[in-house]
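Reviewing the structure listed below.
The values are calculated or read from the model by the stated rules, or taken from the named source; none is laboratory data. Here the structure is a predicted model, which means the values were calculated and not measured. FYI the Cβ positions are ideal-geometry reconstructions off the backbone, even for glycines, and counts take in every protein chain you see.
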């Protein structure tokens with residue numbers, strides 16, 4: 001490419017190399033509770049600085065940075081939160097997602113991406129340095145604590161898809177339950193359902209607390225351990241496995257799917273929630289990018305297209321897979337039925 005070609009600038013390169021500044025600016029705003037103050041009507045710099053106990057100089061710089069990102073608008077000397085920031089980052093909002101910052105910016109993921117080049121060379125993270133799949137890893141307690149609000153819409157959407165196929169399930173298994181919202185959503189809509197959640201002990205304490213808050217604690221049971229070797233029981237009418245398979249390569253995916261097929265009643269339904277890219281593996285962009293996250297933070301994790309998941313399901317004894325959108329989520333659900341004998 002010739003020097004000086006019209007329209008070609010280094011702006012995108014420089015902007016991407018400095019992208020960490022965007023993360024830290026938004027994280028600082030959440031930590032300071034800036035968006036709650038704006039929601040209260042405190043919108044002028046001197047009053048905001050007093051309310052947040054910040055210097056005017058520092059807060060001015062942060063506010064103006066956030067204006068350039070679109071999280072805040074400025075009219076004269078007054079500031080206002082953008083609609084998405086007002087909905088999701090005001091601590092008083094029922095949709096508040098600010099606590100998720102602790103998970104998204106956790107040391108596990110930061111350290112993983114600091115070693116991206118080496119992870120790309122290896123085809124995965126160095127398990128001696130970064131491995132989010134280590135048993136009882138503390139990051140999953142943070143996940144269960146912080147990420148529940150992000151999945152309420154998706155959980156309710158998945159429950160509708162599952163219950164359309166098995167309207168009155170008696171036994172439901174929630175694998176790697178995390179916050180527990182997927183199993184809880186089924187229990188709330190199906191009074192017949194007894195839900196068993198599998199995860200690490202500390203994570204299950206939080207899932208159980210969420211079940212109690214939802215009023216289904218008496219029908220919510222737990223099994224501590226790994227989905228690969230914990231006693232699953234069964235047979236179940238439906239099994240949910242959300243945000244789990246992408247942490248593993250195909251051999252381990254096949255292993256756990258066969259195990260789940262053994263725990264599922266003949267004719268029962270398996271519901272998978274995953275980041276499922278289109279067949280080109282570069283769209284939708286936010287889903288496609290997740291593949292690099294798995295390379296940077298797990299030894300063998302990956303994203304799988306729908307045809308790839310359908311192949312894995314068929315080899316494990318499932319039939320009739322279908323792909324479904326989930327409400328307010330970039331993830332999708334893959335539903336399949338245990339083949340009848």
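Of the residues making up the range 46-63, at least one is on the phi < 0 side of the Ramachandran plot, over 25 Å from the mean Cα position of the chain (by Cα), in a loop (DSSP other than H, G, I, E, B) and modelled with pLDDT of 95 or more.
Within the range 316-340, the only residue that satisfies the criterion of being out of contact with any helix residue (DSSP H, G or I) (no Cβ under 8 Å at 6 or more places or on another chain) and on the phi > 0 side of the Ramachandran plot is 320. A single entry from 155, 164 fulfils the requirement of being assigned to a helix (DSSP H, G or I), free of Cβ contacts under 8 Å to residues at least 24 places away in the same chain and farther than 20 Å from residue 298 by Cβ: 164. Scanning the range 21-41 for residues that are under 14 Å from residue 65 (Cβ atoms) and either part of a loop (DSSP other than H, G, I, E, B) or out of contact with any helix residue (DSSP H, G or I) (no Cβ under 9 Å at 6 or more places or on another chain) (or both) yields a single hit, 24. Would you check which residues across the range 302-331 are more than 15 Å from the chain's Cα centre (by Cα) and assigned to a loop (DSSP other than H, G, I, E, B) and list them? Those that are more than 15 Å from the chain's Cα centre (by Cα) and assigned to a loop (DSSP other than H, G, I, E, B): 304, 305, 316, 317. Tally up the residues in the range 117-133 that are in a helix (DSSP H, G or I) and either surrounded by 15 or more Cβ atoms within 10 Å (Cβ to Cβ) or at positive phi (or both), please. Matching residues across the range 117-133 total 1. Criterion applied to 86, 102 was being within 23 Å of residue 178 (Cα to Cα) and either in a helix (DSSP H, G or I) or within 20 Å of the chain's Cα centre (by Cα) (or both), and the one residue passing it is 102. Select, from 252, 189, the only residue that is in contact with a helix residue (DSSP H, G or I) (Cβ under 8 Å, 6 or more places away or on another chain) and in the same structural domain as residue 327 (by TED's automatic domain parsing). After ruling out the rest, the residue left standing is 189. Please indicate, with yes or no, whether at least one residue in the range 61-77 is closer than 23 Å to residue 228 by Cβ, surrounded by fewer than 17 Cβ atoms within 10 Å (Cβ to Cβ) and not assigned by TED's automatic domain parsing to the domain that holds residue 326. For the range 61-77, residues closer than 23 Å to residue 228 by Cβ, surrounded by fewer than 17 Cβ atoms within 10 Å (Cβ to Cβ) and not assigned by TED's automatic domain parsing to the domain that holds residue 326: absent.
Count of the range 262-278 residues, restricted to those that are in contact with a strand residue (DSSP E or B) (Cβ under 9 Å, 6 or more places away or on another chain) and surrounded by fewer than 20 Cβ atoms within 10 Å (Cβ to Cβ), is 3.
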